[in-house]
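Okay, so here's the structure we're looking at.
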Amino acid sequence: MVDLREPRERVSPRARWMWMLAEGLESAVAIGVLWAALALPGWVDVRWWWVALAIVAAVGYMVVVPQWRYLVHRWEVTDTAVYTQVGWWSRERRIAPMSRIQTVDYTESGLSRLFGLATVTITTASAAGALSVAGLDRTVARQLADELTHKADAVEGDAT
């Protein structure tokens with residue numbers, strides 16, 4: 001029987017910086033819209049302190065959430081299953097038995113490439129959808145994708 005336990009491996013420490021930059025870019029867009037609303041009199045009634053409050057909230061979010069996510073996001077591969085844990089406010093732990101793996105995808109976004117990171121997505125025969133391990137070192141992600149592909153293929157070969 002497989003335990004629903006906390007996986008052992010952490011994502012790359014560089015993932016914190018990637019998440020921080022991503023949150024910063026998103027926050028900059030939102031604050032830019034507020035600033036534009038403030039600059040256009042009569043468009044929307046925006047007070048200067050709304051912008052200041054948004055900046056404080058954005059900086060707090062940028063600093064706290066990536067650190068928190070890093071502490072929570074974990075993964076592990078055993079001979080029989082892939083374990084993942086994600087989330088920052090609510091947590092989701094999932095197990096994908098090797099026999100249920102259908103595809104393994106390796107992706108690098110523009111932002112993740114900047115930090116030398118990648119994501120491995122494991123598609124299974126589950127209604128809950130795919131499992132993703134984001135923020136992995138690029139080399140670790142490639143090795144993980146290869147390992148999962150070989151292990152899933154071996155399990156399928158044993159079944160026939």
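Please list the three semi-axes, largest first and in whole Å, of the ellipsoid equivalent to the chain, using sqrt of 5 times the eigenvalues of its alpha carbon gyration tensor.
Over the Cα atoms of the chain, the ellipsoid semi-axes are 40, 15, 14 Å.
From the Cα gyration tensor of the stretch 23-76, with a ≥ b ≥ c the square roots of its eigenvalues, which class applies: rounded if a/c is under 1.5, or else prolate if a/b is larger than b/c, or else oblate?
Here the stretch 23-76 falls in the prolate category.
Go ahead and estimate [θ] at 222 nm for the chain from helices alone: -39,500 (n - 2.57) per DSSP H run with n ≥ 4, summed, over the residue count, rounded to 500.
Rounded to the nearest 500, it is -16500 deg cm²/dmol.
Could you list the chymotrypsin sites (Phe, Trp or Tyr not before Pro) in the stretch 2-87 that lie in coil according to DSSP, counting only those with at most 16 other Cβ atoms within 10 Å of their Cβ?
In loop regions of the stretch 2-87 (DSSP not H, G, I, E or B), the sparsely surrounded chymotrypsin sites (Phe, Trp or Tyr not before Pro) are Trp43.
Rounded, prolate or oblate: which fits the stretch 76-160, taking a ≥ b ≥ c as square roots of the Cα gyration tensor eigenvalues, rounded meaning a/c under 1.5, else prolate when a/b beats b/c?
Verdict is oblate for the stretch 76-160.
Evaluate the distance, in nm, between pseudo-label points positioned 7 Å from the Cα of Thr139 and of Trp50 along their respective Cα→Cβ axes.
Between Thr139 and Trp50, the simple spin-label model gives 5.0 nm.
Which log10 I(q)/I(0) values does the stretch 1-90 give at q = 0.10, 0.18, 0.20, 0.25 Å⁻¹ under the Debye formula, counting every alpha carbon as one identical point scatterer?
Normalising to I(0) and taking log10 leaves -0.42, -0.82, -0.92, -1.15.
Counting other C-beta atoms within 10 Å, and keeping those with at most 15, which DSSP coil trypsin sites (Lys or Arg not before Pro) do you find in the stretch 22-96?
Arg47, Arg91
How far apart, in nm, are two points set 7 Å out from the Cα along the Cα-to-Cβ line at Tyr61 and at Thr121?
Reported label-point gap for Tyr61 and Thr121 is 2.4 nm.
Taken together, the values in this text are just the output of simple stated rules run on the coordinates, not laboratory data. As the structure is a prediction and not an experimental result, all values here were calculated from the model. Counting neighbours? That spans all protein chains shown, and the Cβs are built from the backbone with ideal geometry, glycine included.
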